[in-house]
1. State all residues of the stretch 351-395 that are closer than 30 Å to Leu446 by Cβ and of a type in the set (S, T, N, Q); if no residue qualifies, say none.
2. Which ones in the stretch 463-474 are part of a loop (DSSP other than H, G, I, E, B) and either surrounded by 17 or more Cβ atoms within 10 Å (Cβ to Cβ) or modelled with pLDDT under 95 (or both)?
3. Name the one entry in His107, His138 that is under 22 Å from the mean Cα position of the chain (by Cα) and of a type outside the set (A, V, I, L, M, F, W, C).
4. Just give me the residues in the stretch 313-330 being open to solvent by 60 Å² or more (accessible area, probe 1.4 Å) and in a loop (DSSP other than H, G, I, E, B), in sequence order.
5. Looking only at the stretch 259-279, decide whether some residue is free of Cβ contacts under 8 Å to residues at least 24 places away in the same chain, over 19 Å from the mean Cα position of the chain (by Cα) and in a loop (DSSP other than H, G, I, E, B).
6. Pro489 - would you say it is closer than 24 Å to Leu304 by Cα, surrounded by fewer than 17 Cβ atoms within 10 Å (Cβ to Cβ) and not polar (S, T, N, Q)?
7. Are any residues in the stretch 288-305 assigned to a loop (DSSP other than H, G, I, E, B) and either within 20 Å of Phe470 (Cβ to Cβ) or open to solvent by 10 Å² or more (accessible area, probe 1.4 Å) (or both), and if so, which ones?
8. Enumerate the strands (runs of 3 or more DSSP E) found wholly within the stretch 146-215, keeping only those where 3 or more residues are touching a residue at least 24 places away in the same chain (Cβ under 8 Å), surrounded by 15 or more Cβ atoms within 10 Å (Cβ to Cβ) and not β-branched (Val, Ile, Thr).
Amino acid sequence: MTESDKYLWWQKGIIYQIYPRSFQDSNNDGVGDLPGLKSRLEHLQWLGVDAIWVSPIYESPMADFGYDISDYSSVHPLFGSLQDFDDLLDEVHTRGMKLILDLVPNHSSDQHPWFLESRASLDNPKRDWYIWKDAADHGGVPNNWLSVFGGPAWEWDQRTQQYYYHAFLKEQPDLNWRNPDLRRAMLDVMRFWLAKGVDGFRVDVMWHMIKDDEFRDNPPNPDYQPHQATYERLIPVHSTDQPEVHEIVRMMREVMDQYRDRVLIGEIYLPVQRLVKYYGDDNREAHLPFNFQLLSIPWEPQRLFSVIEEYESALPAGGWPNWVLGNHDQPRLISRIGREQAKIAAMLLLTLRGTPTIYYGEEIGMRDVAIPPDEIQDPQGLNMPGLNLSRDPGRTPMQWDESSWSGFSRVRPWLRVSHDFARVNVKSQKPDAFSMLNFYRKLIDLRRKEPALHAGTYKSVFADRQVLSFVREAAGTRFLIVLNLSHRPCSFHPENFSTHGIVEISTEPERDGLSVVGLLSLSGDEGLIIRLKN
C-alpha cells in the first residue's frame, strides 16, 4: 500500500459545486433540473472532478430558492422527481464519481407540515419543534436578534400570540434542535438519503443550529459600517456557535459512520480557531468544516501566507484541511480578484494541502453578471436594497456554448446570461490549449496523478509583497509552487533553497517542460509548478 492509498476519496478528491437552477435546463422552463444535470456529467468526468455537491433540490415554496424546505424526502417538480434523482445518482456512480447533497437542518419552510402543526396551537405535540417565545415585558420582540436577510429575527403569530424565531426569512422558521423528537426526525432524513446511496452531505449553516437557552441579547458590533448588511450591527454571540452544537454534529457524524465511506461537510463562517473545533476533540464531528478564508481576505501574498500557516497549525491531529474559492453565496472569483489572477488562484487551490472545492463556471472564468434592480430575485438583495447584497450575479446560468442562452436552455432563463457567453463558454474553450478550461483540466490531472499534490505534506518557503511559495512532498517527490500575486514581473531565489527542476505547469504554457535553476524570473500574474530535482 502506498502512502496515497491510506487516504479516503474525499481527502484525495476534488469537489465541484452545482447550483441546480443554473446548470442545465432539460425541459425548457428556464430553470435547471436533474435530467439536465445528468446530461452534463460527461463534462465533469472529462474535467476530472471526483464528486459533485448539489445545492437543495427538495420540495420548497422557493422563498429562498430551495433553502426553505417543505418536504425533506422529496424532489421539487422544477428539478424532476425522485426517480430522476435515482437515475442521476446511478449515472454519477457509473462514471466513478460521488454525489453530495445539501442538508438544511437549521430551518424549514413555514409550509412544512411540521411547522403547520407547530403553529396550530400552544399545546400541539410539535409546538416545541420550533423556537417560540412570548413577547418581551414591554410588548415587543423577545430579544434583539437580527435576521441575516434584514430586520428582526422574530415574527409574530397572531393565532397563538407568540413570536417564532427565524435566522433568515420569516418563511424559514428555525427548528429547535434541543427537542429530542425533532433530532430523531432530522437524523431519519439523513438516513433516507444515505440509504439511497448519496455519498455525503454539506450541512447548511451548521454553526447556527443551537441557540442560547437564555435568549440573551447580542452585543453591538463596534466595527459596523453603514454599507454592511443590517445583520452585522450585532455580534451573534448568543444566536450562533453555542457549545451544545457540537453534540448535534457528533450525532450527525454517528449516523454517517453507520454507512461506508461517506463525508460530512459543515458550512461554518467563523474565525479559524473556532472553525477547527467542528472537527471535534476526537475528530468525531464534521469531516470537513468548510474553510472559507480565501473568499474574504485581501489577495496579498503575505496575508495568504499567514492565513495558510495559521490554518495548518490550528488543525487538530488527524484533521484534514480544505479550501474554497467560491460558492453560491459569494461574489465570483474573477469579480473579486480580477481575470489576470484567476489562473494563479486556480493553481493555489489545486496545489494546497487538503480537499479543494470548485464552484461551477470557475473552470471557464465566469464572472458576476450585472442584474438590473427590477430583475433581482434573491431575497437578501430584495430585503436590503441599495447595499448591492444580491447573490444573483454569482448564480447565473452555466455558459456551455455560443447558442441562444448559452446552451443552458432554449427559452429565457430564470436569470440573465452574461454578455460574454459567446466567448466564455465550454465549447469554445475545450479545443483551445491556452484556455482557462484546459488550464483547470491540466491542474486537476496533475493533482490526481501525483501523491505529493493530493496527499503530501505542505511546507511554506517564502512570501513577500509579490510572491507566495511553498513545497508539496510525498515519497521523495517534491513540487515547488511559486505564485506571483502581482501584475508586475518579479524574481524568486530564497536563501538556502534549490529551485533546480522542471516546470510541470506554468500559467504561461510556453514554459511547460523547461528546466530551471537558481534565480527564477516570473512575469506578472505568473505561477509555476516545478518538479524539483533531488
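The values are calculated or read from the model by the stated rules, or taken from the named source; none is laboratory data. Source: prediction; values computed, not measured. Neighbour counts run over all protein chains shown; Cβ positions are idealised from the backbone, glycine included. SASA here: full protein model, heavy atoms, side chains in, ligands and nucleic acids out. Shrake-Rupley method; radii C 1.70, N 1.55, O 1.52, S 1.80 Å.
1. Across the stretch 351-395, the qualifying residues are Thr351, Thr355, Thr357.
2. At the first step, the residues of the stretch 463-474 found to be part of a loop (DSSP other than H, G, I, E, B) are 464-466.
The answer is Gln466, and nothing else.
3. On the way: His138 fails: under 22 Å from the mean Cα position of the chain (by Cα).
Only one candidate qualifies: His107.
4. Looking only at the stretch 313-330, we keep the residues that are open to solvent by 60 Å² or more (accessible area, probe 1.4 Å), and these are 313, 317-318.
Ala317, Gly318 - these are the residues of the stretch 313-330 that are open to solvent by 60 Å² or more (accessible area, probe 1.4 Å) and in a loop (DSSP other than H, G, I, E, B).
5. Yes, because at least one residue in the stretch 259-279 is free of Cβ contacts under 8 Å to residues at least 24 places away in the same chain, over 19 Å from the mean Cα position of the chain (by Cα) and in a loop (DSSP other than H, G, I, E, B).
6. Working: closer than 24 Å to Leu304 by Cα: yes; surrounded by fewer than 17 Cβ atoms within 10 Å (Cβ to Cβ): yes; not polar (S, T, N, Q): yes.
Yes.
7. Restricting attention to the stretch 288-305, the residues satisfying the condition of being assigned to a loop (DSSP other than H, G, I, E, B) are 290-292, 296-300.
Asn291, Phe292, Ser296, Ile297, Pro298, Trp299, Glu300, listed by residue number.
8. Numbers: elements: 154-157, 162-165, 200-203.
Passing ranges, in order: 162-165, 200-203.
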